[in-house]
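S.K.: Dumping the structure here so I can ask a few things about it.
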Amino acid sequence: MKTLIVNARIWDGSGQAPYAGELLIAGCHIEAVAHGACALAADGVRRLDARGMTVMPGLVEGHAHLSFCGAAKNTDLGDIPPEEHVLETMHNARTLLEAGFTSAFSAASAKLRLDVVVRNQIDAGRIPGPRLRAAGPEITVSGGLGDDNRLHMERGSFGLVADGPVAVARAVRLCIREGVDNIKVNISGDDFVSAKGGMTVMREDEVRMACEVAHDFGKTVAAHARASNAVLRALACGVDVIYHCELADAQALDALEAARDRVFVGPAIGLIHNTLYEAEAWGITREMASAMGMQRCLENAQRTYEQMRRRGIRVVIGGDYGFAWTPQGTNARDIEHFVNLFGYSASEALQCATRIGGELMGLPLGELKAGYLADLLVIDGDPLRDVRVLQDKERLKAIMKDGSLFKNLLDDAPAA
C-alpha cells in the first residue's frame, strides 16, 4: 500500500527553504513530492497527518563505529568476547536508528566481521538498524593508532597491524574476502598514543597499495589523517574519505578543494569536544584533556573546517561516537557542533547530515525527491531554528526507512 503524508512542512535536504506540502511513498521509494494541500491525488493509500510538523530526510552518520560499545580505552574493545560483541553491535544499530539515523557509513569495526554480520541481518530484515556500509578494523602500522600490542603481550583494540605494502595488500584482501564495503587506513596517529596526530606514520607505498587493492575490488577507502602531510598523502594515493584533517595547511586545503568533487571529509569533532568538556567522570579532567592536545585539536579543527565550508568541500557529520563519553545515539550533536564551532548555518549543517551523507553512501537518499529512497523523519519542531531538536528522541514522531515506518506516532488523516 502507498503512503501519503499530508499537512507537512517539508525541508527536502536540497538547501531550499521549507514549504507546506505532501509526500507520496510507494514501496521503498518516494513517488512524488508536491507543494500545497490536496496536491497529490492517490486512491487506496494510507494517509498520515503530519499536523504541520517538519518532514525531512533521514540522517546519515558519516563516521560510524557501531561496534564501539562505551570503551574508555582502546583495549576495552578487544577485551569484549565476540559473542557479546555481536549483540552489543546489534543494540547500537537499533539505538542509532531510534535517533533518526537511517543510514551509516562505517569508519571501522572493532573486530573484522562485526559490521558485516550486523549489516547482513539488517538487510535481511531480521534486526532493526540503519542502512550500513560495513568496514573492518582500521589497518595500521606497528606503533600506529590501533596497535596496542606490547613485546611481551598482545592486546586487541580496533586495529589490524600490517607493515609494508605486501602485508597491507593481504590485510585489505582479507577484509574484502570477509565482506566489507569500506577499507580504513590510519595514516596519522593520535595525541594519546605513541604515534601522535601530527605524525604521518603510514608510508606512501603502503597507502597506495591499500587504495589500489581496494579499488580493484570496487571498495571505498577511508583514512585517519590528522597531519597535513597525511592529508596530502591520502589525496595522492586515491583515498576517498579523509577523516579529521585538523592540521591541514594551505597546501593541503588547496589540494582538498581541487579534489572536492571526488573526496569527502569529516572532522569527527564529537570525541574531541567531549574529551575536553564531558570526560571527567572517566578520570579525564579539562586540564588533562588539554595536556593530551585536545584543546589544540579543537582549535585547529575550527580553523580548518571554517575554511572547508568556504571552499565548498563536502563534509559529513560523525564524531567518533561509541566511546564512554560519546555514547551511541547522541550522534545528532554533531550537527550542533557544525553550527557552533565551524560557522555552518543550520541549513548547511543539516545538508551535511542528509544530502552530502547520501552522496557518501553512493545511493539516492538524503533528499526528499521523486525516485529517492523513502528515508525520512517527522520532527515536532523546526531544526532550521534550533538544530538541537534532533537530539530529542521524543520529538521524533516518525522514522521511515526504505518506505517502512520504524516509528510512527502520527494520526491517520481522513480521505480527501
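S.K.: In cubic angstrom, how much convex hull volume per residue do the alpha carbon atoms of region 171-234 span? Intermediate results must be reported in sequence, preceding the final value.
M.R.: Working: hull volume 5.1 nm³, N = 64.
Considering the Cα atoms of region 171-234, their hull volume per residue is 80 Å³.
S.K.: May I ask for the percentage of alpha-carbon pairs in region 191-335 that lie more than 21 Å from each other?
M.R.: For region 191-335, the share of Cα pairs beyond 21 Å comes to 45 percent.
S.K.: Which log10 I(q)/I(0) values does region 3-67 give at q = 0.11 Å⁻¹ under the Debye formula, counting every alpha carbon as one identical point scatterer?
M.R.: Log10 I(q)/I(0), no solvent term: -0.30.
S.K.: Which value, in Å² rounded to 10, gives the accessible area of W325 with a 1.4 Å probe and all protein chains present?
M.R.: Approximately 20 Å² of W325 is accessible to the 1.4 Å probe.
S.K.: Normalised by the empirical 2.2 N^0.38 Å for globular proteins, what value does the Cα Rg of region 261-327 take?
M.R.: Normalised Cα radius of gyration, region 261-327: 1.23.
S.K.: If I model a spin label as a point 7 Å beyond the Cα along the Cα-Cβ vector, how far apart are those points for H215 and A42 in nm?
M.R.: 4.1
S.K.: Please give the Cα centre distance for region 300-346 versus region 362-402, rounded to the nearest Å.
M.R.: Result: 18 Å between the Cα centres.
S.K.: So, in nm, how far is label E299 from label T75 when the simple model puts each one 7 Å beyond its Cα toward the Cβ?
M.R.: 3.3
S.K.: Show me, for region 373-382, the HN-Hα J-couplings you get by feeding each phi into the Karplus relation (A = 6.51, B = -1.76, C = 1.60, θ = phi - 60°), rounded to Hz, glycine and proline as x.
M.R.: Using θ = phi - 60°, the values come out as 4, 7, 10, 8, 10, 10, 10, 7, x, 10 Hz.
S.K.: May I ask you to list the residues of region 199-237 whose amide nitrogen lies under 16 Å from a point 7 Å from Cα along the Cα→beta-carbon direction of R311?
M.R.: 225-237
S.K.: Amide H neighbours of V221 under 5 Å, counting only residues 5+ apart in sequence or on other chains, H built in-plane at 1.01 Å?
M.R.: I183, D240, V241
S.K.: Moving on. Hey, which of these cross-link pairs are over 24 Å Cα-Cα: K73/K407; K219/K407; K2/K407; K369/K407; K219/K369?
M.R.: K73/K407; K219/K407; K219/K369
S.K.: How far apart, in nanometres, would the label points at R286 and A20 be if each is projected 7 angstrom from Cα along the Cα-to-Cβ direction?
M.R.: Rounded to a tenth, the inter-label distance reads 4.7 nm.
S.K.: How much space per residue, in cubic angstrom, does the convex hull of the C-alpha atoms of the chain take up?
M.R.: 128
S.K.: Rank these by accessible area, largest first, 1.4 Å probe: S194, S67. Can you show the working numbers first?
M.R.: Numbers: S194 90, S67 0 Å².
Result of the area sort, largest leading: S194, S67.
S.K.: Kindly express, to the nearest 10 degrees and within the range 0 to 90, the angle between helix 204-216's C-alpha long axis and the longest C-alpha principal axis of the chain.
M.R.: Tilt relative to the chain: about 40 degrees.
S.K.: Hey, what angle do you get for helix 165-177 against the long axis of the chain, alpha-carbon based, 0 to 90 degrees rounded to 10?
M.R.: 30
S.K.: Based on the Cβ-Cβ distance from A250 to F192, what FRET efficiency comes out when R0 is 35 Å, to the nearest 0.05? Kindly include the intermediate steps, with their values, before the conclusion.
M.R.: Working: r = 27 Å, r/R0 = 0.79.
Computed FRET efficiency for A250 and F192: 0.80.
S.K.: Helix 82-98 sits at what angle to the longest principal axis of the chain, using alpha carbons and giving 0 to 90 degrees rounded to 10?
M.R.: The helix 82-98 is inclined about 40 degrees to the chain.
S.K.: Which whole-Hz couplings ³J(HN,Hα) result when phi for each residue of region 24-40 is put into the Karplus expression 6.51 cos²θ - 1.76 cosθ + 1.60, θ = phi - 60°, listed in order with x for Gly and Pro?
M.R.: Once θ is set to phi - 60°, the couplings for region 24-40 become 10, 10, 10, x, 9, 10, 7, 8, 7, 10, 9, 7, x, 8, 6, 8, 10 Hz.
S.K.: Work out the FRET efficiency for K393 and H35 from their Cβ-Cβ distance, taking R0 = 41 Å, and round it to the nearest 0.05.
M.R.: In this case the efficiency is close to 0.85.
S.K.: What ranking do 42-50, 265-273 get when scored by the average of other Cβ atoms within 10 Å per residue, highest first?
M.R.: So the peptides 42-50, 265-273, ranked by packing, come out 265-273, 42-50.
S.K.: Which order, highest average first, do 203-213, 100-110, 24-34 follow once you tally other Cβ atoms within 10 Å for each residue and take the mean per peptide?
M.R.: My ranking of the peptides, most packed first, is 100-110, 203-213, 24-34.
S.K.: Which whole-number percentage describes the relative contact order of region 1-129, with Cα contacts under 8 Å and a sequence gap of 6 or more?
M.R.: 23
S.K.: Considering the Cα trace of region 334-391, what is its radius of gyration and what is Dmax, both in angstroms?
M.R.: 11.9, 35
S.K.: A further question on this structure: Below 8 Å, C-alpha to C-alpha, sequence gap of six or more: please give me the relative contact order for region 164-303 in percent.
M.R.: 19
S.K.: Taking H placed 1.01 Å from N in the peptide plane, check which residues at least 5 places from F406 or on another chain put their amide H under 5 Å from its amide H.
M.R.: HN-HN under 5 Å from F406: I399, M400, K401.
S.K.: Taking every Cα atom in region 275-416, find the radius of gyration and the maximum pairwise distance Dmax, and write them in Å.
M.R.: When restricted to Cα atoms, region 275-416 yields Rg and Dmax of 17.7, 63 Å.
S.K.: Could you tell me how far the Cα centroid of region 154-228 sits from the Cα centroid of region 255-288, in Å?
M.R.: Using only Cα atoms to place each centre, the spacing works out to 19 Å.
S.K.: What Kirkwood hydrodynamic radius, in Å, does region 111-259 give when the mean of 1/r is taken over all pairs of distinct Cα atoms and then inverted?
M.R.: Final number for the Kirkwood radius of region 111-259 is 15.7 Å.
S.K.: Rounded to the nearest whole Å², what accessible area per residue is found for region 197-270 with the 1.4 Å probe?
M.R.: Using a 1.4 Å probe on heavy atoms only, each residue of region 197-270 averages 35 Å².
S.K.: Here's another thing I want to ask about it. Just how much of D261 is accessible, in Å², when a 1.4 Å probe is used and the result is rounded to the nearest 10?
M.R.: 140
S.K.: Let me ask another. With a 1.4 Å probe and all protein chains kept in place, how much accessible area does M153 have, in Å² rounded to the nearest 10?
M.R.: Solvent-accessible area, nearest 10 Å²: 80 Å².
S.K.: In sequence order, what are the phi-derived ³J(HN,Hα) couplings for region 241-251 according to the Karplus relation 6.51 cos²θ - 1.76 cosθ + 1.60 with θ = phi - 60°, rounded to whole Hz, with x for glycine and proline?
M.R.: Result, rounded to whole Hz: 10, 10, 9, 5, 6, 4, 8, 4, 8, 4, 5.
S.K.: Can I ask one more? So what is the relative contact order of the chain, in percent, for Cα pairs below 8 Å that sit 6 or more residues apart?
M.R.: Once normalised by length, the contact order is 20 percent.
S.K.: What is the Cα centroid distance between region 1-36 and region 58-123, reported in whole angstrom?
M.R.: Computed from Cα coordinates, the inter-centre distance equals 31 Å.
S.K.: At 0.692 mPa s and 37 °C, plugging the Kirkwood radius over alpha-carbon pairs of region 205-248 into Stokes-Einstein gives what diffusion coefficient in µm²/s? Present the calculation step by step, with values, prior to reporting the outcome.
M.R.: Numbers: Rh = 10.3 Å.
Calculated translational D: 320 µm²/s.
The values are calculated or read from the model by the stated rules, or taken from the named source; none is laboratory data. Quantities reported herein were computed from a predicted structural model and do not represent experimental measurements. Because the Cβ atoms are built from the backbone with ideal geometry, glycine has one as well, and the counts that use them run over all protein chains shown. Surface areas here come from the heavy atoms of the whole protein model, side chains and all, with no ligands, DNA or RNA. Shrake-Rupley method; radii C 1.70, N 1.55, O 1.52, S 1.80 Å.
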